[in-house]
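Contents: one structure, followed by commentary.
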C-alpha cells in the first residue's frame, strides 16, 4: 500500500468517525463563537479599533480552536487501544500521521470558515474584497497549526494531564505562525489592503520544516 | 565521581578573574556609566544558554538514533542548566534596562525571542514531569526538544521582522557598531567563566540523573 493510499484510508476513517458524532466540530465552533463574542465585552471596539485588534482576535480564536480540537486526535485512539490496531497495519507509521493531519486540517478549516462571516458581521470588517488572499494565509497558517498540533497530540496523549499539556506544548511553538498570520491578516484588513509576501514565505517555511521534522520523528512516537 | 578539585579551582579562578576584569579593567561606557558593566554577564549568559540548548538538541537527536539512556540524561541536564542561564539573561536585562531605557521591559525583538525561548524549554521540562516511564519520557521529550530547537530560528526571524524599529545589535550589527577591544576581551573572559560553570552544573545534573536511574533499577530488581 502506498503512502498516499494509506494516508487516504486513515483520513476517510477520521472523517467517518467525526461525521457520525460531529462532537469535535460542534464543540469547537460554539467555543470560538463564545470567544469572539466575549472579546467585544472586554473592550467594546469602534470600527477603527476592530481593524486594529480584529486580526489578533481572529487568530487567537483560531489558535484556541486548534489546541482544543487537536487534543482528541490521538487521545480518543486510547480508549479502546485502537492506535495499536492502526500500528499493526503494514504501512509506514507516517501515513497514520499524515491522514490525521489532513483530517484535522479539514476540520479546523471548516470551523474557521464558519467563524469568518460571523466575525466580519460582528466587527464590521470587509472580508469579501480580500477573501482570496485571506484564504491563502488561513490555509498556510492552519496547516502549520495542524502539523505541529497533531504531532504534539500524539505526545500529550502518552502523558498525564494531557488536556492541559497540549496547549502548553503547542502555543509557544506556534509563535511564528501567530505573528505571521496575524500580521498578514492585519495588512489585508487595513484601509488599503496589502499582502506582505514575507509572512506568506515564513508560514510556508514553517509548514515545510515541521512536516519534514514530523516525517523524521513520528515513527518514534508511534512505537510501543 | 565528584568533579575534580583542580577543575573546580580552575572555574573559580576564571570566575574571579572575570569579576575583577569587569569591575577594574573594563573601561567605563561613555553614556551608560557603571550599570553597563552588567552587560558582561548578561550577554555571556545568553551565549552560554545557547550552547546548552544546542547541546540538548544534539543529545535529543542522539537519543532517538542510539537509544542509550545517557543521551537522555545529558539532554535534561543541558536543558535545565540552559534554562537557568536564560533566566539570568531575563533578570539582568530589566535591571540594565530600567536605568538606561527608563523602563523594565519592552516588547523588542531580542527580549521577546528570549522570552519565547524560555517558554519553549520550560514546557519541555513540564512535559518531562508528566511522563512516568523513563523510556517513554526520553522519546517524547526528545521529539519535542527537536521541534523546539527547530522553532528557535523561525521565532527569532519572525519577531525580528515584526519588530524592526529596535536599536541595531551592537555586536555584529554592521557598519559603525562594535565594542572597545578591552570590552571584547572582558566579555570573552566572562563567557569562558560561565561556560566553565555550565560544564560543572551539567556534569553534576547528569550524575544525579545517572544515580536516579541506578536506584530505579535497584528498586525494580527486587
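We did not get these values from a lab; they are worked out from the coordinates using the rules stated. Because the structure is predicted, anything quoted here is derived from the model rather than measured. Here Cβ is always computed from backbone atoms with ideal geometry, including for glycine, and neighbour counts include all displayed protein chains.
Using a Förster radius of 45 Å, what is the FRET efficiency between residue A:139 and residue B:104 based on their Cβ-Cβ separation? Nearest 0.05, please.
Efficiency computed from Cβ-Cβ geometry: 0.70.
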Report summary line: Rounded to the nearest 10, the angle in degrees between the Cα long axis of helix B:39-66 and the longest principal axis of the Cα atoms of chain B comes to 30 degrees
Report task. Round to the nearest 10 and give me the degree value, 0 to 90, for the angle of helix A:93-122's Cα axis relative to the longest principal axis of chain A. Result -> 20 degrees
Requested in this report: With a 10 Å radius around each residue's Cβ, average the other Cβ atoms per peptide and rank A:51-58, A:88-95, highest first.
Outcome: A:51-58, A:88-95
Requested in this report: Just tell me how shielded B:115-125 is by partners: mean number of partner chain Cβ atoms within 10 Å of each residue's Cβ, no decimals.
Outcome: 3
Report task. Would you please give the FRET efficiency between residue A:13 and residue B:13, computed as 1/(1 + (r/R0)^6) with r the Cβ-Cβ distance and R0 = 60 Å, to the nearest 0.05? Result -> 0.40
Report task. Could you estimate the translational diffusion coefficient of chain A from the Stokes-Einstein equation, with Rh from the Kirkwood formula over C-alpha pairs, at 4 °C and 1.567 mPa s, in whole µm²/s? Result -> 71 µm²/s
**Report entry** Amide N proximity, the stretch B:1-44 versus residue B:182 label position 7 Å along Cα-to-Cβ, cut-off under 13 Å
**Finding:** B:21-30
Report summary line: Longest principal axis of chain B (C-alpha) makes with the long axis of helix B:5-20 (C-alpha) an angle, in degrees to the nearest 10, of 20 degrees
Query raised in the report: Put a dot 7 Å past each Cα toward the Cβ at residue B:150 and residue B:30; how far apart are the dots in nm?
Result: 4.6 nm
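Could you work out the relative contact order of chain B? I mean the mean sequence separation of Cα pairs under 8 Å and 6+ apart, divided by the number of residues, in percent.
In percent, rounded to a whole number, it is 34.
Would you tell me the mean number of C-beta atoms belonging to other protein chains that fall within 10 Å of each C-beta in B:136-148, as a whole number?
Mean number of neighbouring Cβ atoms from other chains: 5.
Can you give the translational diffusion coefficient of the stretch B:1-128 in µm²/s, computed by Stokes-Einstein from the Kirkwood radius over Cα pairs at 10 °C and 1.306 mPa s?
Result for D is 95 µm²/s.
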**Report entry** D (Stokes-Einstein, µm²/s), Kirkwood Cα radius, the stretch A:55-156, 1.567 mPa s at 4 °C
**Finding:** 87 µm²/s
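Using packing as a proxy for protection, rank A:129-139, B:116-126 so that the peptide with the highest average count of other Cβ atoms within 10 Å comes first.
B:116-126, A:129-139
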Report task. Take peptide A:178-188, look around each residue's Cβ out to 10 angstrom, count Cβ atoms belonging to other protein chains, and average those counts. Result -> 2
Report summary line: Row for the protein assembly as shown, column shape: gyration tensor on C-alpha, a ≥ b ≥ c, rounded if a/c < 1.5 i.e. under 1.5, prolate if a/b over b/c, else oblate; value oblate
Query raised in the report: Tell me, what is the FRET efficiency for residue B:136 and residue A:26 to the nearest 0.05, using R0 = 45 angstrom and their Cβ-Cβ distance as r?
Result: 0.85
Query raised in the report: Where does each of B:89-95, B:48-54 land if you order them by average Cβ count within 10 Å, highest first?
Result: B:48-54, B:89-95
Query raised in the report: In deg cm²/dmol and to the nearest 500, what is the mean residue ellipticity at 222 nm of the protein assembly as shown if only DSSP H runs of at least 4 residues count, each as -39500 (n - 2.57), divided by the residue total?
Result: -27500 deg cm²/dmol
Query raised in the report: How much length is gained on full extension from residue A:88 to residue A:43, taking 0.36 nm per residue of separation minus their Cα-Cα distance?
Result: 10.9 nm
